[in-house]
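See structure below.
Taken together, the values in this text are just the output of simple stated rules run on the coordinates, not laboratory data. Predicted, not measured: the structure shown is a model, and the values here were computed from it. Glycine gets a Cβ as well: all are built from the backbone with ideal geometry, and neighbour counts include every protein chain shown.
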Amino acid sequence: LYRQIEGFLRQGILSGSLAAETRLPATRTLARDLGLNRLTVETAYAELQADGLIYTRSGSGTYVLPRFQPAAADRPADFAWPLWQQEEVPHTPSLTPDELLAATRHPQPLSLAIGTGDSRLFPVKDFHKIVQTVIRRDGIAALEYGDPRGYAPLRRTIAHVLGSQGVPTRPDNILITSGSQQGLALMAQLLLKPGDEVLVETPTYGGALDLFRALNLSIVSVPIDAQGLQIDHVEQQLQQRPIKLIYTMPTFQNPTGICLSTSRRRRLLALADRYNVPILEDDFVGDLRYEGRAQPALKALDSGGRVIYLSTFSKMLMPGLRVGFLVADGPIYNRLVNFKRASDLATSNLTQRAVEAYVTIGRYQAHLRRSCQIYRQRRDAMLTAIKRYLPGVQIDPPRGGLFVWVRLPAGLSSSQLLPLACEAGMAFAPGRDFFPPDSLEDNALRLNFAAQHPADIEEAIKRLSSALHRYSNGFHKVH
Ligand SMILES: Cc1ncc(COP(=O)(O)O)c(C=O)c1O
């Protein structure tokens with residue numbers, strides 16, 4: 001009975017037929033009129049009050065509360081945001097390459113724009129089983145917050161794997177983060193304040209640039225060549241400016257796929273030492289190697305405390321796990337842990353346990369081996385297709401990672417090419433996304449070779465080639 005009364009009044013309030021500030025009958029009166037117990041009516045009112053639909057004014061009665069804010073779609077044209085919102089600078093996000101591609105409604109769109117491996121290879125079934133096993137095995141413990149440093153067995157496993165790769169470390173120096181993006185954010189927020197200078201290689205990872213800009217840092221760019229970051233330029237900048245952090249991806253760099261040569265690695269470390277600057281080493285795809293010998297990580301060459309090492313399970317496994325980690329030694333480690341705790345308490349405990357189980361039973365290594373095998377073939381397919389269909393461009397064939405960086409013939413802009421490529425049914429990441437505004441270059445583009453089958457890669461490159469022809473044959477001059 002009380003639910004019937006509650007439902008009737010709720011519908012009246014939500015539909016507007018009971019306007020704001022309408023006085024409802026007193027519970028005693030309504031109960032009498034309906035021939036019910038007063039408690040029944042009071043219960044109905046209590047439910048409506050708990051949902052914020054009515055309120056009582058003491059000594060006066062029960063009233064309908066002003067209506068909720070209408071949903072976005074119903075907002076009138078003259079709707080006024082609260083004052084603090086009106087002070088916000090309007091920001092309309094531009095379409096991503098994939099959104100642009102989707103908007104063309106091409107019957108068989110092929111994206112080479114994404115930043116991860118092929119989601120069709122994600123080990124969904126294995127992971128499903130492992131999550132079930134972990135919940136059965138650990139019960140409640142898997143669902144508590146857990147240690148802010150991260151699940152201890154996972155830190156032990158990571159320390160073990162890193163040790164086997166020449167980066168000796170201890171579990172107590174590892175901090176599990178919610179993706180390596182969080183590791184980047186923790187470091188930047190902890191060590192730098194607005195206006196401080198951070199040195200990046202250009203081109204560089206767009207997500208790092210977004211972060212540094214969001215934190216109002218001043219971005220100092222140093223170009224890379226086929227050997228990676230140009231160390232002479234780094235030294236010049238260190239001489240001229242109070243650089244507070246060097247952010248670098250020495251292995252299969254995003255977006256170029258280039259590796260920093262071993263001698264430059266040593267020189268970079270020596271500079272960091274001389275100028276007392278921390279290095280943030282982002283090793284996001286270090287394990288996706290298709291040929292050649294592994295070079296030592298900067299962290300492996302660090303005699304202690306100069307390099308903070310970042311890595312992630314996003315590229316080698318699955319990005320939606322949001323599990324990454326950093327390795328730091330010295331007093332900075334505990335500061336990072338405290339800051340991590342203050343930021344989000346801890347990374348998902350259940351997911352960490354599942355990742356640990358997955359790695360420990362050897363599935364991760366098997367998955368990596370398989371991914372490397374498949375991605376190597378796809379890289380080769382892309383290099384062949386580029387040679388065949390894009391003779392006018394320049395590339396440095398990558399020996400690992402996910403990307404090929406394509407330099408267009410002089411004077412062409414990848415941003416202008418992008419809409420034409422999307423019309424032709426393919427998307428890429430335009431070069432401008434990888435440069436800070438003051439050193440913007442737009443003559444190159446990034447292609448992901450890992451996310452599509454070889455035949456689709458060939459087709460996508462053919463489409464890119466036709467878009468490029470259309471573009472260089474004067475389309476851009478007209479528009
Ligand atoms: C170079 C690099 N570092 C870090 C990240 C962040 O990845 P995640 O937070 O998923 O670990 C990415 C993602 O694209 C990346 O390309």
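Working from Cα pairs under 8 Å separated by at least six residues, relative contact order for the chain is 19 percent.
Cross-link partners for Lys244 among the lysines, with Cα-Cα distance under 30 Å and sequence neighbours closer than 8 places in the same chain left out: Lys193, Lys299, Lys315, Lys340.
From the Cα gyration tensor of region 334-479, with a ≥ b ≥ c the square roots of its eigenvalues, which class applies: rounded if a/c is under 1.5, or else prolate if a/b is larger than b/c, or else oblate?
Numbers: a/c = 2.95, a/b = 1.64, b/c = 1.79.
The shape class here is oblate.
By the rule of a C-alpha distance below 23 Å, with chain neighbours fewer than 8 residues away ignored, the lysines paired with Lys387 are Lys462.
Fully extending the segment from Asn338 to Val89, taken as 0.36 nm per residue of separation minus the present Cα-Cα distance, adds 86.4 nm.
D for region 301-389, whole µm²/s, Stokes-Einstein with Kirkwood Rh over alpha-carbon pairs at 20 °C and 1.002 mPa s: what number?
It comes out at roughly 133 µm²/s.
Note on region 176-307: along the principal axes its Cα atoms extend 41, 34, 28 Å, ordered by decreasing extent. Between Leu345 and Ser439, the simple spin-label model (points 7 angstrom out along Cα→Cβ) gives 4.2 nm. Roughly speaking, what is the centre-to-centre gap between region 44-59 and region 282-343 when only Cα atoms are used, to the nearest Å? Computed from Cα coordinates, the inter-centre distance equals 53 Å. Set against the 2.2 N^0.38 Å expectation for a compact globular protein, region 84-226 has a Cα radius of gyration ratio of 1.43.
Taking the DSSP bridge list for the chain and keeping only pairs wholly inside it, about 55 percent are antiparallel. Classified by the C-alpha gyration tensor, region 61-140 has an oblate form. Its axis ratio a/c, with a ≥ b ≥ c, is 1.5 or above, and a/b does not exceed b/c. In this rough spin-label picture, where each label sits 7 Å from Cα along the Cβ direction, the Ser17-Arg170 distance is 7.3 nm.
Note down the relative contact order for region 253-370 as a percent, whole number, built from C-alpha pairs under 8 angstrom at least six residues apart.
Details: 98 pairs, mean separation 24.0, N = 118.
For region 253-370, the relative contact order is 20 percent.
For Lys125, a cut-off of 16 angstrom between C-alpha atoms picks up no lysines at all, skipping any fewer than 8 places away in its own chain.
Our analysis of the chain gives Rg over Rh at 1.09, with the two radii drawn from alpha carbon positions and Rh computed by the Kirkwood formula. Stretching the chain fully between Phe79 and Asp33 yields a gain of 12.4 nm (0.36 nm per residue, less the alpha carbon separation).
Taking every DSSP beta bridge with both residues inside region 217-348, roughly what % is antiparallel (nearest 5)? Could the numbers behind the result be given before it?
Working: 6 of 13 bridges.
Taking every DSSP beta bridge within region 217-348, about 45 percent pair in antiparallel fashion.
When peptides 49-61, 137-149, 395-407 are sorted by average Cβ neighbour count within 10 Å, with the highest value leading, the order is 395-407, 137-149, 49-61.
What's the ranking of 202-215, 178-191, 81-94 by average number of surrounding C-beta atoms within 10 Å, highest first?
Ranking, from highest mean packing down: 178-191, 202-215, 81-94.
Placing unit charges on the Cβ atoms only, positive for Lys and Arg and negative for Asp and Glu, gives the chain a dipole magnitude near 1160 debye about its Cα centre.
Taking the alpha-carbon centroid of each part, what is the distance from region 110-130 to region 1-31 in angstrom? Using only Cα atoms to place each centre, the spacing works out to 51 Å. Put a dot 7 Å past the Cα of Thr104, heading toward its Cβ, do the same for Gln416, and the two dots end up 1.8 nm apart.
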